[in-house]
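What follows is a short report on a single structure.
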Amino acid sequence: MKKRTKSRRMKELLSPRWRLGLGILLQVVLAGGVAPQARGDDAKMVELGRMLFFENRLSGDDGFSCAKCHDPEKAFTDGLALSKGYPGTMYFRNTKTVMNVGEMESLYWDGRLSGKDLPTLVRDHIAESHFMNTDGRLLSERLRQVPYYERTFREVFQTEPRYGGILKAVAAFLRTLNSENVPFDRFLDGDRSAISETAKKGYELFTGKAGCANCHKSPRVATRGRSELLTDGKFHNTGVPMNDEIFAEPMRHIVFRRFFKTFGVAGYGDLDEDVGRYAVTKNAADRGAFLTPSLREVSRTAPYMHNGMLKTLTDVVDFYNRGGGKAHGLESVGLKALGLTKQEKEALVEFLKTLSGDKLVVEVPKRLEYELRPLPTFHAPPIEDEGGDIGTIVDFRSVPPIGALPEPPIPPDNPVTEEKVELGKLLFFDSRLAGDASNSCASCHDPKLGWGDGIDLSRGYPGTKHWRNGNTVINSAYFKKLFWAGSVTSLEKQANSAITGNVAGNGDPMMIEERLAQIPEYVERFKKVFGTERPLYGDVLKAISTFERKMVISRNTRFDRYARGERTALSASAKRGLDLFQGKARCILCHNGPNFTDEDYHNLGVGENEAFAQDVQRQITLRFEYFAKGVPERYYHEARWDLGLFYRTKHPRDMCKFRTPHLRELKWTVPFMHNGVFYTLEEVVDFYDRGGDESPGKKDPLIKPLNLTKKEKKDLIKFLESLSSKKKPLQIRPPVLPEYAVMIPKGLDK
């Protein structure tokens, strides 16, 4: 090969391609970052990608960034045998470096993604429940509340922050993470002094006696391409010994099983090996085969192999010298003992070290702060006149009467048993149903707080804040429609929405199944209750719903006793309040039937909760809900109101309508209304007495000024108080939860 002269190298530096590259690099540095040279991507996009690579808001809990597992200080790996994973999980494979990833033909150890599509790689990491567990729509809303991102996305993509742009920008940054000033490259380019004499002998062994180049293709010149990465891009079973921690650590085993379940691997629950490429192809010849890794930066990316079982390069050379391991399908690989001497092994290690270049320095940016954005005036759509005012004349005789509550309805496909109730109780308090295993149903439906959370707008999943007041689950068994907009029609569906909702539990059903399967007591209980060998997610919902139907029921208030014939159960004032409730105060028009609700939807003119104007995370959630629920674009940018039933119907007449809540246990379920703006019954009665307030959409004609006197208001409140127990109702002690245990696959229990 020809040695480049100083004159030739100078001409190359002055060529248009090199001038463009240097210009891009200069722009990146001036933009505030120290990102490597951009190759084919706009410098601003690369810089944006660098910021996002270190951005914690890309994870569901706003707790960590891509750099958590791809640390620049560790050659963009995490330096662990098996990677960390999302909180509440632990991964079962070694983290591959993302250096030179833009030149790989296949990605991941099993090659399940194409190297030609880096944005999909980024999306996979952001969305997967064991990596970052984030909904891209929520992520977009977070970035819109950061001025830098809002401004830069418009410069780069001519649009506000969007998920697709996030993926492209991070991918652009990844393409810049390439090895630089590699001694072996300089050697191939003619600098014979770039590597030691020992390393040269190692190179001869690499391409000859050791046979490394059979899979780790050796380049002849330092050109960009697959060969330069020293990989054949194929998949091989080298017999790497199993990493026992995968099965000894329950959280790793959980992710292991969940992963292979998603790929449809038969018998995934009893696997005693990582089947590698087989999960993708289902070809028996691929069982235990893994992608030949690049050897670029190999001296910096220990430990090695798909499961991190080899800690040093010496270990790797020794492994191949003895002919690999004894894992499944080894004979098809054709590995044989190499017979290398001690000096030859040392020379080979010395050569491998020459495949690592200069440490890639990337500046870690400071976290950019959220900024409150001024909320615009909301322009409600015009509503066509739909006829007469039904609030002027009302036939009270047609309203369902109030009365004592009967037994709650039980769906025929989910009968009640004592064992199912007890199982549901455990699950209700078990935080392992949440994405990060930190929140349980009881976190937002606390028995000590009236089975709600006692705040105006619920707290939500870590890294988020919820957008509505948390409904109490007391007497929820009687509802035919649940949530403030009636979006689900059963407790089972309600439980699913709460567990999987991005600003609620953010849980993954398959992950939940595998977590519960790692807990022997749950396995036993599910088998006894449902007759299944493993816990199933649908049965989780049934058990929780059964617990709520039988245990979270209040049916013995003073009013209930009065309705059943105990005439002294209500005071004289409360009785007068009952008359007002059914007459002048008009409450019964909506709060009727034994559960004091018509389960219909009404716009009461409930005022705005200032939290949406004062709290960035509330703004993020509100805009996310607009986007996720498909609210027309013309309203999206004016998001400052919860639009209620409109999210479901998209009809202007339903704007700001909400389901009528029941009135039982009001004393213990403050605050009130869908956005928690009232903390006392006095505030609520005053609100209705003045005929409500103003909100977008058309106020329900049933809402009119009542002109109640002070004495009438007090009597009405006395009656409302009679709907609550004297002491906090339904207090139960949180149960002791069963623990994870090591579950040995069938193949390993011998």
**OP:** Might you check whether a residue that is among the basic types (Lys, Arg), modelled with pLDDT of 95 or more, open to solvent by less than 30 Å² (accessible area, probe 1.4 Å) and under 30 Å from Ile254 (Cα atoms) occurs anywhere in region 415-427?
**Re:** yes
**OP:** Collect the residues in region 125-154 that are touching a Lys or Arg at 6+ places or on another chain (Cβ under 8 Å), of a type outside the set (A, V, I, L, M) and assigned to a helix (DSSP H, G or I), keeping them in residue-number order.
**Re:** Gly136, Ser140, Glu141, Arg142, Arg144, Glu150, Thr152, Phe153
**OP:** Return yes when Arg640 is in contact (Cβ under 8 Å) with a residue 24 or more places away in the chain and under 23 Å from Asp446 (Cβ atoms) and no when it is not.
**Re:** no
**OP:** Tally the residues that are assigned to a loop (DSSP other than H, G, I, E, B) and open to solvent by 10 Å² or more (accessible area, probe 1.4 Å), restricting the search to region 474-501.
**Re:** 9
Subject >> Test result for Asp598, of a type in the set (D, E, K, R) and closer than 25 Å to Ala504 by Cα >> reply: no
**OP:** Take region 145-162 and flag every residue that is under 26 Å from the mean Cα position of the chain (by Cα) and surrounded by 20 or more Cβ atoms within 10 Å (Cβ to Cβ).
**Re:** Gln145, Val146, Tyr149, Thr152, Phe153, Pro161
Original post:
Which one of these does Asp62 not meet: (1) surrounded by fewer than 21 Cβ atoms within 10 Å (Cβ to Cβ); (2) assigned to a helix (DSSP H, G or I); (3) among the acidic types (Asp, Glu); (4) touching a residue at least 40 places away in the same chain (Cβ under 8 Å)?
Top reply: (2)
Original post:
Would it be correct to say that Leu716 is farther than 29 Å from Tyr370 by Cβ, of a type in the set (A, V, I, L, M, F, W, C) and either open to solvent by 50 Å² or more (accessible area, probe 1.4 Å) or not in a helix (DSSP H, G or I) (or both)?
Top reply: no
Subject >> Selection from region 669-693 of residues that are charged (D, E, K, R) and assigned to a loop (DSSP other than H, G, I, E, B) >> reply: Arg690, Asp693
Original post:
What tally of residues in region 109-124 results from selecting those that are in a loop (DSSP other than H, G, I, E, B) and within 15 Å of Ala171 (Cβ to Cβ)?
Top reply: 3
**OP:** Among the helices (runs of 4 or more DSSP H) lying completely within region 165-284, list those that include at least 3 residues that are touching a Leu at 6+ places or on another chain (Cβ under 7 Å) and either at pLDDT below 95 or open to solvent by 20 Å² or more (accessible area, probe 1.4 Å) (or both).
**Re:** none
Subject >> Top-ranked residue in region 84-107 [being within 23 Å of the chain's Cα centre (by Cα) and open to solvent by 30 Å² or more (accessible area, probe 1.4 Å); ranked as modelled with the lowest pLDDT] >> reply: Lys84
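A quick yes/no check of all residues on (1) within 34 Å of the chain's Cα centre (by Cα); (2) at pLDDT 95 or above; (3) hydrophobic (A, V, I, L, M, F, W, C):
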| site | (1), (2), (3) |
| --- | --- |
| Tyr679 | yes, yes, no |
| Glu682 | no, yes, no |
| Asp689 | no, yes, no |
| Ser724 | no, yes, no |
| Arg733 | yes, no, no |
| Gly747 | yes, no, no |
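Per-residue answers, yes or no, for (1) over 35 Å from the mean Cα position of the chain (by Cα); (2) modelled with pLDDT of 95 or more; (3) assigned to a loop (DSSP other than H, G, I, E, B):
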position	(1), (2), (3)
Asn307	no, yes, yes
Lys326	yes, no, yes
Glu344	yes, yes, no
Leu348	yes, yes, no
Pro365	no, yes, yes
Pro374	no, no, yes
His379	no, no, yes
Asp389	yes, no, yes
Subject >> Some residue of region 625-633 being modelled with pLDDT of 95 or more and either more than 30 Å from Asp135 (Cβ to Cβ) or of a type outside the set (Asp, Glu) (or both) >> reply: no
Subject >> Looking only at region 643-666, and only at residues there that are touching a residue at least 60 places away in the same chain (Cβ under 8 Å) and in contact with a Pro (Cβ under 7 Å, 6 or more places away or on another chain), the one that is most open to solvent (accessible area, probe 1.4 Å) >> reply: Pro652
Subject >> Matching residues in region 536-572 - criterion: being of a type outside the set (Gly, Ala, Ser), in a loop (DSSP other than H, G, I, E, B), open to solvent by 20 Å² or more (accessible area, probe 1.4 Å) and touching a residue at least 24 places away in the same chain (Cβ under 8 Å) >> reply: Ile553, Arg555, Asn556, Arg564
Subject >> Residue within region 547-556 that is among the hydroxyl-bearing types (Ser, Thr, Tyr), within 43 Å of the chain's Cα centre (by Cα) and modelled with pLDDT under 95 present >> reply: yes
**OP:** Determine if region 667-675 includes at least one residue that is out of contact with any Phe, Trp or Tyr (no Cβ under 9 Å at 6 or more places or on another chain), closer than 17 Å to Phe596 by Cβ and surrounded by fewer than 20 Cβ atoms within 10 Å (Cβ to Cβ).
**Re:** yes
**OP:** Confirm whether Leu457 is of a type in the set (A, V, I, L, M) and either assigned to a helix (DSSP H, G or I) or out of contact with any His (no Cβ under 8 Å at 6 or more places or on another chain) (or both).
**Re:** no
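The values are calculated or read from the model by the stated rules, or taken from the named source; none is laboratory data. Since the structure is predicted, the reported quantities are computational estimates derived from the model, not experimental observations. FYI the Cβ positions are ideal-geometry reconstructions off the backbone, even for glycines, and counts take in every protein chain you see. Only protein heavy atoms, including side chains, enter the accessible area calculation; ligands, DNA and RNA are left aside. Shrake-Rupley method; radii C 1.70, N 1.55, O 1.52, S 1.80 Å.
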